[in-house]
Amino acid sequence: MTSYFYNMTLHFWDKLQLIKRSSLPRMLNAFKIWFSFAISRTFMINWHWGAPLAIAIEPTTACNLGCPECPSGLRSFTRPTGNLKADFYRSVIDQMSKESFYLTFYFQGEPYINPHFLDMVEYANQANIYTATSTNAHFLNDENAKKTVESGLDRLIISIDGTTQETYENYRKGGQLSKVLEGTKNVVKWKKELKSKTPHLIFQFLVVKPNEHQIDEVYELAKEYGVNEVKLKTAQLYEHEHGNPLMPSIDKYSRYKKNSDGTYSIKNSLDNHCWKLWHSCVITWDGRVIPCCFDKDAEYSMGELAEADFKSIWKGEAYRAFRKQLFKGRENIEICRNCSEGTRVFSGS
């Protein structure tokens, strides 16, 4: 019972950090987004009112690991690769901070490879924006762990896809579990030293067949290292129609269902609407605005911030056309066919 209330307190502090970002313009914008989406979904019309509540910005496309289902790990991009520039980033935040209040500092790549990453987090924190990132934790040495806590980062997701080195490296190619655990320990230490409740620490466990037997163990590991929460994530598999060695045997942890003919398809019903297209967007390191995180190679660019301000892109013809296409048939859009929007992500503490 004591553990239950302790975990509830940790979640409360994380939620409080988000609530603290509220302001009248942001609350009004949230209502506009929700209301326009409700009307659009009900009548299947393209009506959009407001600015995005949440944005994802890509610090870099570079990564130190070689994960088999990740474009960064596979080095398979056809789009340009590089690091987000600090001055460009600040101009984006200045344009959007009045109405947007949740920033995911991640798309592809390992954020800590960008040398200015934590300075960027601090800039968003000064603009009263909730900040979250995802990392493989290999760069969380003592110095970076301290800077992470000092930056004001609200949420730190640490990818840990195995509780033994053998299982971990089966997916995290080139990675060392010992570095992940050392990095976790460093952040927990500096949170205590600096008397900080942030960042809210999450172990994210991507459930695949080679590690599904270690689900219970990752909860124990999180408890041992002082991690606030565990999230079990289902895996997006690019080759799934005829099965995949990474596909979990435990059905509830798989995004895919087996059909009567022996093939596999995504469990998602692919309804012809999408909340993401109303409340959020992704900005690549070089300023392309794309509809969501499933567009890994930025094939569906809505515009480029080097050529136009964000508002004109968000309200522009390309976005309007894409939302209209979504209502006509989500299955006809390549990035939507393997989308998990609406499927479950499991979590615990």
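With every protein chain kept in place and ligands, DNA and RNA left out, what is the accessible area per residue of the chain? Probe 1.4 Å, answer in Å². Mind dumping the intermediate values first?
Values: 16350 Å² over 349 residues.
Dividing the accessible area of the chain by its residue count gives 47 Å².
Report in % the part of the accessible area of the chain that belongs to carbon and sulfur, leaving out ligands and nucleic acids; probe 1.4 Å.
Summing carbon and sulfur atoms, their accessible area is 53 percent of the total for the chain.
For the stretch 250-263, in order, what is each residue's ³J(HN,Hα) by Karplus, 6.51 cos²θ - 1.76 cosθ + 1.60 with θ = phi - 60°, in whole Hz (x at glycine and Pro)?
Couplings: 7, 4, 5, 9, 10, 7, 10, 10, 8, 8, 4, 8, x, 7 Hz.
If N is the number of residues in the stretch 256-323, what value comes out of its Cα radius of gyration divided by 2.2 N^0.38 Å?
In units of the globular-protein estimate, the stretch 256-323 measures up at 1.41.
What residues have an amide H closer than 5 Å to that of residue 173, excluding those fewer than 5 places away on the same chain, when H is modeled at 1.01 Å from N in the peptide plane?
For residue 173, the qualifying residues are 66, 67.
In whole Hz and in residue order, list the ³J(HN,Hα) couplings for the stretch 322-328 that follow from phi through the Karplus curve 6.51 cos²θ - 1.76 cosθ + 1.60, θ = phi - 60°; x for Gly and Pro.
Working through the residues one at a time gives 5, 5, 5, 4, 4, 5, 6 Hz.
Given axes a ≥ b ≥ c from the Cα gyration tensor, I'd like to know whether the stretch 38-93 is rounded (a/c under 1.5), prolate (a/b larger than b/c) or oblate.
oblate
Over every pair of different alpha-carbon atoms in the stretch 157-214, take the mean of 1/r and invert it; report that Kirkwood radius in Å.
Computed over the stretch 157-214, the radius equals 12.3 Å.
So what is Rg over Rh here for the stretch 70-186, counting just Cα atoms and using Kirkwood for Rh?
So for the stretch 70-186, dividing Rg by the Kirkwood Rh gives 0.99.
To check my understanding: the extent here is largest minus smallest coordinate of the Cα atoms along each principal axis. What are those three numbers for the stretch 1-135, in Å, largest first?
Principal-axis extents of the stretch 1-135 (Cα, largest first): 49, 41, 31 Å.
Taking every Cα atom in the stretch 131-174, find the radius of gyration and the maximum pairwise distance Dmax, and write them in Å.
Cα-based Rg and Dmax for the stretch 131-174 come out at 12.3, 34 Å.
If each residue of separation counts as 0.36 nm, what is the full-extension length gain between residue 42 and residue 18 once their alpha-carbon separation is subtracted?
5.7 nm
Which value results when the Cα radius of gyration for the chain is divided by 2.2 N^0.38 Å?
0.98
Return the whole-Å distance between the Cα centroid of the stretch 117-151 and the Cα centroid of the stretch 192-265.
Cα centroid of the stretch 117-151 versus Cα centroid of the stretch 192-265: 24 Å apart.
Where a ≥ b ≥ c are the square roots of the eigenvalues of the C-alpha gyration tensor, would you call the stretch 189-315 rounded, which needs a/c under 1.5, or, failing that, prolate if a/b is larger than b/c, or oblate?
Note, shape of the stretch 189-315 comes out oblate.
Report the full-extension gain for the segment residue 197 to residue 116: residue separation times 0.36 nm, less the Cα-Cα distance, to one decimal in nm.
Taking 0.36 nm per residue and subtracting the Cα distance, the gain is 26.8 nm.
Give the residue list of GluC sites (Glu not before Pro) in the stretch 240-324 that are DSSP loop and have at most 13 other beta-carbon atoms within 10 angstrom. Please report the intermediate quantities before stating the final value.
Values: sites: 241, 299, 304, 307, 317; in loops: 241, 299, 307.
Passing sites in the stretch 240-324 are 241, 299, 307.
If amide hydrogens are placed 1.01 Å from N in the peptide plane, which non-local residues have theirs closer than 5 Å to the one on residue 56?
Residues meeting the criterion, in which the H sits 1.01 Å from N, are 104, 281, 282, 283.
Around residue 300, under 10 Å between beta carbons, what's the net of Lys plus Arg minus Asp minus Glu among the other residues?
With Lys, Arg at +1 and Asp, Glu at -1, the net is -3.
Efficiency by 1/(1 + (r/R0)^6): what FRET value for residue 315 and residue 257, r their Cβ-Cβ distance, R0 = 41 Å, to the nearest 0.05?
Values: r = 38 Å, r/R0 = 0.93.
With a Förster radius of 41 Å, E is 0.60.
What are the ³J(HN,Hα) values, in whole Hz, obtained from phi via the Karplus relation 6.51 cos²θ - 1.76 cosθ + 1.60 with θ = phi - 60°, for each residue of the stretch 231-237 in sequence order, with x given for Gly and Pro?
10, 9, 10, 7, 8, 7, 10
DSSP loop trypsin sites (Lys or Arg not before Pro) in the stretch 5-79 with at most 15 other Cβ atoms within 10 Å of their Cβ, which ones?
The qualifying sites are 20, 75.
The values are calculated or read from the model by the stated rules, or taken from the named source; none is laboratory data. These figures come from a predicted structure and were not determined experimentally. Neighbour counts are summed over all protein chains in view; Cβ atoms, including those assigned to glycine, are modelled from backbone coordinates with ideal geometry. Accessible surface is based on the protein model in full, side chains and every heavy atom, while ligands, DNA and RNA are left aside. Shrake-Rupley method; radii C 1.70, N 1.55, O 1.52, S 1.80 Å.
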